[in-house]
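Student: One structure, as structure tokens, below. Some questions next.
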Amino acid sequence: MIQPHDSVIVRTLGHIVIPVAQLFGVYVLVFGQYGPGGGFVGGVVIAASMIMAILIFGIGSEDSALAKKILHGDGLGLLIFAGVGGLCMIGGGQFLNYSNLGIPSLDESSQHYVGILLTQLGVAVDVAVTGVSIAVSLSFEEDEISQEEVTHD
């Protein structure tokens with residue numbers, strides 16, 4: 001299990017850097033179609049900030065509560081991604097053909113923007129959940145291995 005860091009400097013910098021990293025991850029996600037970035041990169045940055053919170057404050061801390069809550073969102077990104085594709089098919093088009101997204105109040109270019117943003121959001125959620133769950137599961141496996149070494153010695 002990951003224990004909280006005992007340095008006041010590291011904890012204070014964590015309170016500053018982690019929200020900035022999460023905001024940057026959201027920026028990379030939202031503006032990914034205009035430049036480098038998108039759902040995968042935004043999800044990786046958000047996952048890295050949550051893993052940093054776990055490493056600095058510990059898994060049981062209130063400061064890393066978002067990282068614990070995101071573990072319950074496994075599969076949510078897939079539902080968002082498939083839901084957007086399904087809406088396109090219901091609208092009479094092909095899977096992820098955003099021209100037929102089926103939002104009547106938007107013109108075609110706005111439907112493309114909303115469709116791309118929602119699919120990128122689905123990818124980002126899945127990448128963030130996967131990254132945090134890998135880090136948490138590795139920390140528990142390391143703890144179990146170290147307990148087995150102690151019992152065998």
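The values are calculated or read from the model by the stated rules, or taken from the named source; none is laboratory data. Predicted model, so just to flag it, every value in this text is computed and none were measured. Cβ coordinates were reconstructed from backbone atoms using ideal geometry, including for glycine residues, and neighbour counts include every protein chain displayed.
Student: For segment 4-55, give me each residue that is free of Cβ contacts under 8 Å to residues at least 24 places away in the same chain, polar (S, T, N, Q) and surrounded by 12 or more Cβ atoms within 10 Å (Cβ to Cβ).
Tutor: none
Student: Turning to a different aspect of this structure: Which of the residues that make up segment 123-140 are surrounded by 13 or more Cβ atoms within 10 Å (Cβ to Cβ), modelled with pLDDT of 85 or more and over 9 Å from the mean Cα position of the chain (by Cα)?
Tutor: Scanning segment 123-140 gives Ser133, Ala135, Val136.
Student: Which count do you get for residues in segment 79-101 that are touching a residue at least 12 places away in the same chain (Cβ under 8 Å) and touching a Cys at 6+ places or on another chain (Cβ under 7 Å)?
Tutor: Residues that pass the stated criteria total 4.
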